[in-house]
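Taking it in order: structure first as structure tokens, then the write-up.
The values are calculated or read from the model by the stated rules, or taken from the named source; none is laboratory data. If you're wondering where the values come from, they're calculated on a predicted model, not measured in any experiment. Reconstructed Cβ throughout: ideal geometry from the backbone, glycine too, with neighbour counts over all protein chains shown.
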Amino acid sequence: MVATSKSNIAKIEAILREVTDPEIPVLSIMDMGVVRTINWENNLVKVQITPTYSGCPAMDMIAAEIKMALAKQGYSSEVELILSPAWTTDWITENGRQKLEAYGIAAPLEASADKQALTGQSRLVKCTNCGSDNTIMVSQFGSTACKALFKCNDCLEPFDYFKCLK
């Protein structure tokens, strides 16, 4: 086994920052927090990834994109899907949260606030277009199962909200 080199891992992390989530192309898989571990063994890069939810259809595509990106840079790789611990929205980086907002998807709230927002008890989800908190949930499900559809009552624009998953 070849010792894991910090410089090798740093290079691999940089490559993986270029691999985007197929459902939210503005986010890298590193920003989403789906990459759990990166190891270097016998000249083989081993990457473990965790789906954002069990049965996520994007995971096969993400694994293929990881292998292609690493192969393009001369690395042989193996990608393993791990289910435990389960992915949580806490794993989205601060950079990822900012990119979500800029892209027009409201970043997840804390669990208790999320529940209040999704049950209509509180107006905590800010419009990604104008910043107003005068918003209303239109549907529990947005463009994907992990998002809810909201509408701003001030600018009248619809937008997705990334639900808190813990």
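Here are some notes:
- Residues located in region 16-36, provided they are part of a loop (DSSP other than H, G, I, E, B) and touching a residue at least 12 places away in the same chain (Cβ under 8 Å): 17, 18, 19, 21, 22, 23, 24, 26, 27, 33, 34
- Residue match in region 98-107 (condition: outside any helix (DSSP H, G or I) and touching a Leu at 6+ places or on another chain (Cβ under 6 Å)): yes
- Of the criteria (1) part of a loop (DSSP other than H, G, I, E, B); (2) of a type in the set (Gly, Ala, Ser); (3) within 15 Å of the chain's Cα centre (by Cα); (4) within 16 Å of residue 34 (Cβ to Cβ), which one residue 63 fails: (1)
- Residue in region 5-15 that is of a type in the set (A, V, I, L, M), without any contact (Cβ under 8 Å) to a residue 40 or more places away in the chain and in contact with a Phe, Trp or Tyr (Cβ under 8 Å, 6 or more places away or on another chain) present: yes
- Flag: residue 83 matches the condition of being among the hydrophobic types (A, V, I, L, M, F, W, C), at pLDDT below 95 and under 28 Å from residue 12 (Cα atoms).
- When the residues of region 136-146 are filtered to those that are over 14 Å from the mean Cα position of the chain (by Cα) and not hydrophobic (A, V, I, L, M, F, W, C), the one that is surrounded by the most Cβ atoms within 10 Å (Cβ to Cβ) is 142.
- Flag for residue 61 being touching a Pro at 6+ places or on another chain (Cβ under 8 Å), in the same structural domain as residue 17 (by TED's automatic domain parsing) and exposed (fewer than 15 other Cβ atoms within 10 Å of the Cβ): yes
- Figure legend. Inter-residue proximity from region 37-60: first residues in a helix (DSSP H, G or I), second residues surrounded by fewer than 19 Cβ atoms within 10 Å (Cβ to Cβ), beta-carbon distance below 7 Å, spacing 6+ or different chains. Indicated pairs: 59/51; 59/81.
- Checking 70, 83, 149 one by one, the residue that is touching a residue at least 24 places away in the same chain (Cβ under 8 Å), under 27 Å from residue 29 (Cβ atoms) and surrounded by 13 or more Cβ atoms within 10 Å (Cβ to Cβ) is 70 and no other.
- The residues of region 87-138 that are closer than 23 Å to residue 55 by Cα and touching a residue at least 60 places away in the same chain (Cβ under 8 Å), listed by number, are 87, 88, 89, 90, 92, 93, 96, 100, 105.
- Selection count, region 146-166, where residues are part of a loop (DSSP other than H, G, I, E, B), closer than 24 Å to residue 52 by Cα and out of contact with any Cys (no Cβ under 9 Å at 6 or more places or on another chain): 2
- Scanning region 112-133 for residues that are within 21 Å of residue 157 (Cβ to Cβ), in a loop (DSSP other than H, G, I, E, B) and not charged (D, E, K, R) gives 120, 122, 124, 125, 127, 128, 129, 130, 131, 132.
- Residues of region 86-112 satisfying the condition of being touching an Asp or Glu at 6+ places or on another chain (Cβ under 8 Å), closer than 13 Å to residue 27 by Cα and either among the hydroxyl-bearing types (Ser, Thr, Tyr) or surrounded by 15 or more Cβ atoms within 10 Å (Cβ to Cβ) (or both): 92, 93, 96, 99, 105, 107
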